[in-house]
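S.K.: One structure, pasted below without further comment.
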Amino acid sequence: MSFKKYLSITDEIAEAIKKGKPVVALESTILSHGMPYPENVEFANNVEKIVRENGAIPATTAIINGKLKVGLNKEELLLMCKADNIGKVSRRDVATYLATKQNGATTVATTMLIAEMAKIRVFATGGIGGVHRGAQQTMDISADLQELAHTNVAVIGAGCKSILDIGLTLEYLETMGVPVLGYKTDDFPAFYTTKSGFGVDYNLPDAKTTAKIMKTKWDLGLKGGILIANPIPEQYSLDFDEMEMVINQALKLADEKGIKGKETTPFLLANIKEITKGQSFASNLQLAYNNAKVASEIAVEFAKISK
Ligand code: PSU
Ligand code: MN
C-alpha cells in the first residue's frame, strides 16, 4: 500500500514486528507538549527502559522530515524533548506535516494511526484526550476518541484527567462501541487518582485475559480500539478533591485568557503543574511508567496468542 513510503521503522522494530515479537508504541506529544525539558529526556529514556525490562520493544512515534517515524534514535528523541518548532500533530495535521516536511509530536490519535500502519497493537500513554467540560457549547472533543472508535490498537492509559468531562467522555466511547476495561479495577481512574466515581465495562484480572479480549474483538472484525484504564499506583495517587480545586483554577485561567482549540490541553497541563508546584508532575511520571509496564505485559501475552 502506498502509505508504506511514508513509514520509517527502525530495523530492530521492523524485525520484531515481522517475527511477531511484542512491541509497545509510545507517543511524543506527552514529551513535546506535556512535559518540560530536560525532565522529559529522563522520562523518555526511563519509559523505553521499562518496556524493555518487561519483555517488549519500545516504539516511540513522531513525524520527522516527511516520515512517520516508528522508533526514535537518541538524536530524534532529543529533538522531540527540546520541542523547538515541534507541532502537536493530530489526525487532521498528519498529511500537511508530511507533505511540507514539518516536524511534529504525535498525539494519542496519531500514535494509534501510525501504530496500526506498522501493525503494532499495543500503545502505552499517560492519559487520553476526551470530551472537554463545556463541550455542549464549545464542541471541544479530542480526536483521540474518534481514533479509538476506528483504529485497531489497545491503548493503556490512566483514564483521563478531570480537565475533561469524564462522564461525557465515557458516554462518547460507549456510543462509538469502544470497550473501556479497567486493569484490576472496577473504577475508571482519573489520571492523578485511582477513582473517578465512574465504572468500567469489565475488571481485567490479568494481562492474559486482556490479550484474549483484544484478539477476540479483532478476530470478530469489530474494528476500533480498546481503552485499558490502568490506575495510578496507590502510593502516588493524589487527593481527588484537592486536584479538582487545582483543575478548576486552571480551567478558570484558560477561560480568562481565551485559550481555545489544540492549545487547550497543553495549557491546562502546564498550569496544573505550575499550581501544584510540580507535585502533580511526579505522579504523572509514575502513572506513565506503570502504564508502560502493564502495556508490555499485555503485548507479551498478545504476541503469544497471535503467533
Ligand atoms: N492528556 C494528558 N496528557 C497529555 C495529553 C492529554 O493528560 O499529554 C496529550 C495526548 O497526546 C493527547 C492529547 O492525545 O494531549 C490530546 O489533545 P487534544 O485534547 O487537543 O485532542
Ligand atoms: Mn480539542
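S.K.: Which residue, of LYS161, LYS195, LYS223, LYS215, is assigned to a helix (DSSP H, G or I), of a type in the set (D, E, K, R) and at negative phi?
M.R.: The conditions single out LYS215.
S.K.: If we keep just the residues of segment 133-158 that are in a helix (DSSP H, G or I) and of a type in the set (D, E, K, R), which is nearest to LYS212 (Cα to Cα)?
M.R.: GLU147
S.K.: Of the numbered conditions (1) under 27 Å from PHE188 (Cα atoms); (2) buried (at least 17 other Cβ atoms within 10 Å of the Cβ), MET139 satisfies every one except a single condition; which is it?
M.R.: With (1) under 27 Å from PHE188 (Cα atoms); (2) buried (at least 17 other Cβ atoms within 10 Å of the Cβ) applied to MET139, the lone miss is (2).
S.K.: Name the residues in segment 4-30 that are closer than 22 Å to GLY66 by Cα, assigned to a helix (DSSP H, G or I) and either open to solvent by 50 Å² or more (accessible area, probe 1.4 Å) or in contact with a Leu (Cβ under 8 Å, 6 or more places away or on another chain) (or both), would you?
M.R.: Of everything in segment 4-30, those that are closer than 22 Å to GLY66 by Cα, assigned to a helix (DSSP H, G or I) and either open to solvent by 50 Å² or more (accessible area, probe 1.4 Å) or in contact with a Leu (Cβ under 8 Å, 6 or more places away or on another chain) (or both) turn out to be LYS4, LYS5, TYR6, ASP11, GLU12.
S.K.: Could I ask something else about it? Within segment 99-117, restricting attention to residues that are crowded, with 18+ Cβ neighbours inside 10 Å and more than 25 Å from LYS18 (Cβ to Cβ), which residue is farthest from ligand 2 (Cβ to nearest atom)?
M.R.: ASN103
S.K.: Counting only residues that are open to solvent by 30 Å² or more (accessible area, probe 1.4 Å) and without any contact (Cβ under 8 Å) to a residue 60 or more places away in the chain, how many does segment 37-46 have?
M.R.: Qualifying residue count, segment 37-46: 5.
S.K.: Return only the number of the condition from (1) within 16 Å of ligand 2 (Cβ to nearest atom); (2) open to solvent by less than 20 Å² (accessible area, probe 1.4 Å); (3) on the phi > 0 side of the Ramachandran plot that GLY261 does not satisfy.
M.R.: Result: GLY261 passes all but (2).
S.K.: Just for segment 45-81: of the residues that are among the basic types (Lys, Arg) and part of a strand (DSSP E or B), which one is nearest to TYR289 (Cα to Cα)?
M.R.: Checked segment 45-81; the qualifying residue nearest to TYR289 (Cα to Cα) is LYS69.
S.K.: Name the strands (runs of 3 or more DSSP E) wholly inside segment 82-125 in which the number of residues that are closer than 22 Å to ASN54 by Cβ is 2 or more.
M.R.: In segment 82-125, the matching strands (runs of 3 or more DSSP E) lie at 122-124.
S.K.: Let me ask something additional. Of all residues in segment 118-148, how many are within 16 Å of ligand 2 (Cβ to nearest atom) and more than 10 Å from the chain's Cα centre (by Cα)?
M.R.: Summing the residues that are within 16 Å of ligand 2 (Cβ to nearest atom) and more than 10 Å from the chain's Cα centre (by Cα) in segment 118-148 gives 18.
S.K.: Could you tell me whether THR175 is away from ligand 1 (no atom under 16 Å from the Cβ) and free of Cβ contacts under 8 Å to residues at least 12 places away in the same chain?
M.R.: yes
The values are calculated or read from the model by the stated rules, or taken from the named source; none is laboratory data. Note that the coordinates shown come from a computational prediction; the quantities given were computed from them, not determined experimentally. In this analysis, Cβ positions are derived from the backbone assuming ideal geometry, glycine residues included, and neighbour counts consider all displayed protein chains. Note: accessible area is taken over every heavy atom of the protein model, side chains too, but ligands, DNA and RNA are not part of it. Shrake-Rupley method; radii C 1.70, N 1.55, O 1.52, S 1.80 Å.
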